[in-house]
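Heads up: the structure comes next, in structure tokens.
The values are calculated or read from the model by the stated rules, or taken from the named source; none is laboratory data. Because the structure is predicted, anything quoted here is derived from the model rather than measured. Positions of Cβ are backbone-derived with ideal geometry, glycine not excepted, and every protein chain shown enters the neighbour counts. The area values use the complete protein model at the heavy-atom level, side chains included, leaving out ligands, DNA and RNA. Shrake-Rupley method; radii C 1.70, N 1.55, O 1.52, S 1.80 Å.
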Amino acid sequence: FRAPTPPPAGVSRREQDRFFRRSFRHHSRTFSLATRLLPRPVQLPVAVLYHYCRTVDTLADERSAEIGADAALAEVDALEAGLDGALAGRPPGGEHALLWRRFADVHARYGLDPHPLRQLLDGARWDLRGRTVQTRADLLAYADLVAGSVGAAMLPFLVRDGADRARLDAPARALGNAMQITNVLRDVGEDWRDLGRCYLPADDLGARGLDLG
């Protein structure tokens with residue numbers, strides 16, 4: 001099925017909500033299904049967060065294949081500027097205007113942590129700059145940027161107390177990292193064939209006589 005397209009400007013908030021929910025289900029059936037176990041008031045805000053994450057991921061993968069890494073890096077910078085505006089309560093217009101308006105609303109209500117949201121952008125930059133995974137420490141660092149960050153970003157929807165968020169940051173990241181490493185192992189062939197990327201540590205491959213160069 002084709003991914004839902006953002007609704008045109010001026011549509012009702014209900015139609016906007018429908019877009020975020022449909023996009024969430026289309027791109028992540030398991031995550032969106034799991035979100036139904038959360039209290040109903042946070043389900044749509046989580047879908048908005050997911051749309052942000054998906055937008056960043058698309059820049060690192062599909063978009064870079066379309067326009068090249070340098071142009072995609074420029075779009076990552078523009079996305080970071082949009083994020084800063086939304087978090088400051090001044091959502092910009094343009095291509096992602098709907099996302100930024102909703103993101104500003106979600107931040108005003110839940111107090112999102114900017115750090116993991118920016119880490120996700122740094123994860124995209126890692127890919128777009130062609131940085132390799134040389135060691136297991138590199139793999140864990142990459143996983144924390146692109147997945148541990150998502151675990152941390154979810155905490156405002158799960159706990160409201162700041163002390164609880166700080167206490168749960170490490171285990172939330174550990175869960176995200178474990179899921180990312182699982183994805184790396186699952187997608188070795190696809191990542192290499194479609195993107196020319198390998199996230200298995202080069203040191204481990206070399207120790208086994210493998211060289212992807």
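Below are the figures for this structure:
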{"read-out": "Cα long-axis angle, helix 13-27 against the chain (0 to 90 degrees, to the nearest 10)", "value": "20 degrees"}
{"read-out": "Relative contact order (%) - criterion: Cα under 8 Å, at least six apart; region: region 56-112", "value": "22 percent"}
{"read-out": "Candidates 117, 185, 200: whichever shows maximal mean-square fluctuation once the chain is modelled as a Gaussian network with Cα springs under 10 Å", "value": "185"}
{"read-out": "Qualifying trypsin sites (Lys or Arg not before Pro) for region 12-45 [loop in DSSP, other Cβ within 10 Å: at most 14]", "value": "36"}
{"read-out": "Chain lengthening between residue 15 and residue 29 when straightened (0.36 nm per residue, less Cα-Cα)", "value": "3.0 nm"}
{"read-out": "Simple label model, 7 Å out from Cα along Cβ direction - residue 167 to residue 110, nm", "value": "2.1 nm"}
{"read-out": "Paired Rg and Dmax values of region 112-203, which use every Cα atom, in angstrom", "value": "14.1, 44"}
{"read-out": "Heavy-atom accessible area per residue - region 70-213, 1.4 Å, Å²", "value": "52 Å²"}
{"read-out": "Percent of Cα pairs exceeding the 12 Å cut-off, where the set is region 164-213", "value": "70 percent"}
{"read-out": "Cα→Cβ-extended label distance, 7 Å offset, between residue 22 and residue 62, nm", "value": "1.5 nm"}
{"read-out": "Nearest 10 degrees, 0 to 90: helix 114-128 Cα axis against the chain principal axis", "value": "40 degrees"}
{"read-out": "Nearest 10 degrees, 0 to 90: helix 149-158 Cα axis against the chain principal axis", "value": "30 degrees"}
{"read-out": "Region 50-144, accessible surface, carbon-and-sulfur percent (1.4 angstrom probe)", "value": "49 percent"}
{"read-out": "The chain - Rg over Rh from alpha carbon coordinates, Kirkwood radius", "value": "0.97"}
{"read-out": "In range of the label at residue 140: residues from region 148-171 whose backbone nitrogen is under 14 Å from the point 7 Å along Cα→Cβ", "value": "148, 170-171"}
{"read-out": "Dipole magnitude of region 1-158 about its Cα centre (Cβ charges: Lys, Arg +1; Asp, Glu -1), debye to nearest 20", "value": "900 debye"}
